[in-house]
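Trainee: Structure in structure tokens, see below.
Read-outs: derived from the displayed coordinates by stated rules, not from any lab. Bear in mind the structure is a predicted one, so any value in this text is a computation, not a measurement. Note that we place each Cβ from the backbone using ideal geometry, even for glycine, and neighbour counts take in every protein chain shown.
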Amino acid sequence: MADNNYLDVIEVLVRSRFKNQIDMFNVWRMRVDDTSGFTNAQVLTDMQTWVTGIVGQQDDIQWNQVYYQAALVSNFTQNRIIGTVNTPRTTGLKSTQPLPTGIAGLITFFTAQPGYRARKYVGGLTIDNSLNRRPAAEAITKLTNMANYFAGRLTLNTRHYYPGVWSFKNGAFYLVTRYVVSSEWAHQRRRQLPLYGV
Amino acid sequence: MPNNQNDVIQLTMRMRISGADLMQNVWHFRVDDAAGLTDEELLADMQMWMQGVESQMDDLQHTSISYEVGKVYNLTQDRPVGPVAWYSAGGAVAGDPLPSGVAALITFYTGVKRVVGKKFFGGLVETALTAAEWTSATLATLDDIALYFFTPTTIGGHGYTPVIYNRTLKTVAPILLYAIRSVPAYQRRRKPGVGA
């Protein structure tokens, strides 16, 4: 019997830490889209593949002092943790100076339900990702590549998942229908640790 | 009409980013001279003071920041005194500008709870940052600006006390201390071509 049933919502918490001090994370949810359901081991294998794809895009534009943490995989429907998966790298790859901590690229995922959408902020980017106050071409490309990992029915190791947005208000899961990568910088307020800055 | 002792004067320094987004800093002073001063004297003094700030600010700001006008208002008498011109056209620093909302922040504190003055300085450039914090040179310039506003001063032979104005209570409080954040602040701005 499968541990994770058809239409169960799987949650992946992709975590990183700016300067190893300030937590940044994105929460992604996708439903099990094969009627057979999946075992926990299969889900972890698939999410390892998926996280490798997502982080493999964002590490190209993130600062080398953005430290990736293990991603946490949960069955949101069953309210239980499945396990963790490692990211393909331990840090971002850019060695140039970082943009201010709150500055982030923004991908907005829309659903067919008006008003229900998901926003993914990607912080820790560097100054060469910014040109004349806006995200430069490379940043837009990588953010778009990230978005494509969360658009449409996903095939991961022959198994299928469907990305979506969970509405806590309605207790419902709405499938992602399209996305927009913002050509303007977004800002995500970050709490700072006591020893960070003054 | 004269500007009397203890009148509160508001100076609004207006700038634009790339000729589009408006940025401004608002400063308040209390007139200290018992004899008061004329509008012409006040305008000359404010222009002189603005030049002092401007000579520091333009060392921080990108060339796409244009200086527009300074507006002087007598809050006590609730009347405009007049505009004053900036001395230079705009920022003097070349390079790539930071995202438009990123700003340096000086916070002026008073002895009154929750009466603080926050001055955001936008339009800075990428080289002003190191490891996501302002460089020491940038902090030094911000400190010069803060000090310029911090203490009672004589401008054009007239005495002024810099104050923080509480719009709710319509009272002023003198400044007791200030802090400059090494971490960039963010001032939400409308995106170019979006909204009004």
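Trainee: If I take R0 = 22 Å and measure r between the Cβ atoms of B:Lys118 and A:Gln188 in this structure, what FRET efficiency does the formula 1/(1 + (r/R0)^6) give, to the nearest 0.05?
Mentor: 0.60
Trainee: Now, a different point. Can you pull the three principal axis extents for the Cα set of segment A:9-187, in Å, largest first?
Mentor: Principal-axis extents of the Cα atoms in segment A:9-187, largest first: 49, 35, 28 Å.
Trainee: Still on this structure, I have one more. In 5 Å bins starting at 0, how do the alpha-carbon pair distances of segment B:60-125 split up by percent?
Mentor: Calculated P(r), rounded to whole percents: 4, 15, 14, 15, 20, 16, 11, 4, 1.
Trainee: Please grab the % of Cα pairs in chain B that end up more than 21 Å from each other.
Mentor: Distances greater than 21 Å cover 52 percent of the Cα pairs.
Trainee: Oh, and also: Give me a comma-separated list of calculated 3J(HN,Hα) values for segment B:86-100, in order, Karplus coefficients 6.51, -1.76, 1.60 applied at θ = phi - 60°, integers in Hz, x for any Gly or Pro.
Mentor: Once θ is set to phi - 60°, the couplings for segment B:86-100 become 6, 8, 10, 7, x, x, 10, 9, 7, x, 9, x, 6, x, 4 Hz.
Trainee: If the viscosity is 1.567 mPa s and the temperature 4 °C, what Stokes-Einstein diffusion coefficient in µm²/s follows for segment B:143-184 when Rh is the Kirkwood radius over Cα pairs?
Mentor: 108
Trainee: Rounded to the nearest 10 degrees, what's the angle between the helix B:39-57 long axis and the longest principal axis of chain B, both from Cα atoms, 0 to 90?
Mentor: Rounded to the nearest ten degrees, it is 20.
Trainee: Just how many pairs of Lys in the protein assembly as shown have C-alpha atoms closer than 18 Å, counting pairs that are eight or more places apart or on different chains?
Mentor: 6
Trainee: Fully extended, how many nm does the chain gain between A:Ala70 and A:Val27 (0.36 nm per residue separation, minus their Cα-Cα distance)?
Mentor: Difference between extended and current length: 14.2 nm.
Trainee: Apply 1/(1 + (r/R0)^6) to the Cβ-Cβ distance of B:Glu40 and B:Asp143, taking R0 = 30 Å, and write down the FRET efficiency to the nearest 0.05.
Mentor: Efficiency at R0 = 30 Å is approximately 0.40.
Trainee: If you find the alpha carbon centre of segment A:167-182 and of segment B:104-153, how far apart are they in angstrom?
Mentor: What the calculation gives is 41 Å, centre to centre.
Trainee: Please give me the summed charge of the neighbours of A:Asn148: other residues whose Cβ is under 14 Å from its Cβ, Lys and Arg +1, Asp and Glu -1.
Mentor: +4
Trainee: Okay, next question. So who's got an amide H within less than 5 Å of the one on B:Ile65, skipping anything under 5 residues away but keeping other chains? H placed 1.01 Å off N, in plane.
Mentor: Here B:Ser18, B:Gly91 satisfy the definition.
Trainee: Which distance in nm do the two modelled labels at A:Leu93 and A:Asn5 give, with both placed 7 Å along the Cα-to-Cβ direction?
Mentor: 4.2
Trainee: Taking R0 as 30 Å, what's the FRET efficiency between A:Thr144 and B:Ala89 from their Cβ-Cβ distance, rounded to 0.05?
Mentor: The value I calculate is 0.20.
Trainee: For labels at A:Ile81 and B:Phe150 in the simple 7 Å Cα→Cβ model, what's the distance in nm?
Mentor: Placing both labels 7 Å along Cα→Cβ, they lie 4.8 nm apart.
Trainee: Give me the angle, in degrees from 0 to 90, between the Cα long axis of helix B:136-150 and the longest principal axis of the Cα atoms of chain B, rounded to the nearest 10.
Mentor: 10
Trainee: I've got another one for you. Would you list the P(r) distribution for the protein assembly as shown, with all Cα-Cα distances sorted into 10 Å bins from 0 and each bin expressed as a whole %?
Mentor: 5, 20, 24, 19, 14, 10, 5, 2, 0, 0
Trainee: Compute the long axis of helix A:40-58 from its Cα atoms, compare it with the longest principal axis of the Cα atoms of chain A, and write down the angle in degrees, 0 to 90, nearest 10.
Mentor: Relative to chain A, helix A:40-58 is tipped by roughly 30 degrees.
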